[in-house]
Amino acid sequence: MLLAIDTSAGTSVAVVDRDAGVLSELTTADTMRHAEVIGGMIRDALAQASVPPARLSGVVAGMGPGPFTGLRVGIAAAKAFAIGAGKPLVPVVSHDAVALERYGAGHVGPLLIVTDARRRELYWSEYGGVDEHGIPLRTGGPGLSKPDDVPQVHGRGGRSARFDAATVPAGQLGLLAEWLYEHGRPFADDRPLYLRSPDVTPSAGPKRVTA
């Protein structure tokens, strides 16, 4: 049983079980109040699922891609909760959870997942389909591009296979983590996918002080 947290696009928290599925899920598309709502959503998701922290086997963190300010809130919350509960942290690429949801809803073939990166840019990931276990197969990205430079992906009949996601479903994030573990597939790197250089960088060395 896993607690899953994502703040790469909006805020989403869920409790999932490999056999029972999504036990609870709370999501808001608001991208300005991650820090204000995350604690209450974790509390309420656990309460709605009637799952105490001790019953969890791990905590899933959506690693992005996502804007720095929002993404770090969810990752920090997941790490803090995992440490406090004595559970392992499980990193998963956020776009993969959206792809899992789309394929689960009946999409077949190529797929392009897009989320807002702000500053008139977009995050994107390409998928070629799913494997024999239903796990999405990422073939490109995650990437960061201007809107006109985002790859064009076409499905059946030449129609666009692009899906713009306002939020990342934590329930699907958690289920994907369960399936990755069950089938011996690797998790994501424990490194946030900001994909953008920081606005402020440290100077090359200490400043010289003169009298």
> From the backbone phi of the range 97-104, what are the Karplus-calculated ³J(HN,Hα) couplings (6.51 cos²θ - 1.76 cosθ + 1.60, θ = phi - 60°) in whole Hz, Gly and Pro given as x?
Replying inline: 5, 5, 4, 4, 5, 5, 5, x
>> Report the per residue volume, in Å³, of the convex hull enclosing the C-alpha atoms of the range 1-54.
In response: 70 Å³
> Which three extents, in whole angstrom, do the alpha-carbon atoms of the range 82-132 cover along their principal axes, largest first?
Replying inline: 40, 38, 15
> the range 1-44 to the range 133-148: how many Å between their Cα centroids?
Replying inline: 23 Å
> Can you list the residues, at least 5 places off or on another chain, whose amide H is less than 5 Å from the amide H of G58, using H built in the peptide plane?
Replying inline: L3
> For H154, which sequence-distant residues (separation of 5 or more, or a different chain) have an amide H within less than 5 Å of its own amide H, given hydrogens modelled in the peptide plane?
Replying inline: A161
>> Check which residues have an amide H placed less than 5 Å from T139's amide H, if you skip close sequence neighbours.
In response: E126, Y127, G128
> In whole Hz, what ³J(HN,Hα) sequence does the range 130-143 give by Karplus (6.51, -1.76, 1.60; θ = phi - 60°), x for Gly and Pro?
Replying inline: 10, 7, 5, 9, x, 7, x, 9, 7, 10, x, x, x, x
> Name the residues of the range 95-117 whose amide N is less than 20 Å from a point 7 angstrom out from the Cα of T139 along the C-beta direction?
Replying inline: 95-115
> Residue by residue through the range 3-16, which ³J(HN,Hα) values in whole Hz follow from phi under the Karplus form 6.51 cos²θ - 1.76 cosθ + 1.60 (θ = phi - 60°), with glycine and proline marked x?
Replying inline: 9, 10, 9, 9, 10, 6, 8, x, 10, 9, 9, 8, 10, 10
>> Counting pairwise Cα distances across the range 2-182, what percent come out greater than 21 angstrom?
In response: 45 percent
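Any read-out appearing in this document is the output of simple, stated calculations on the displayed coordinates, not a laboratory observation. Remember, it's a predicted structure, so these values are computed and weren't measured experimentally. Backbone-built Cβ (ideal geometry, glycine too); neighbour counts: all protein chains shown.
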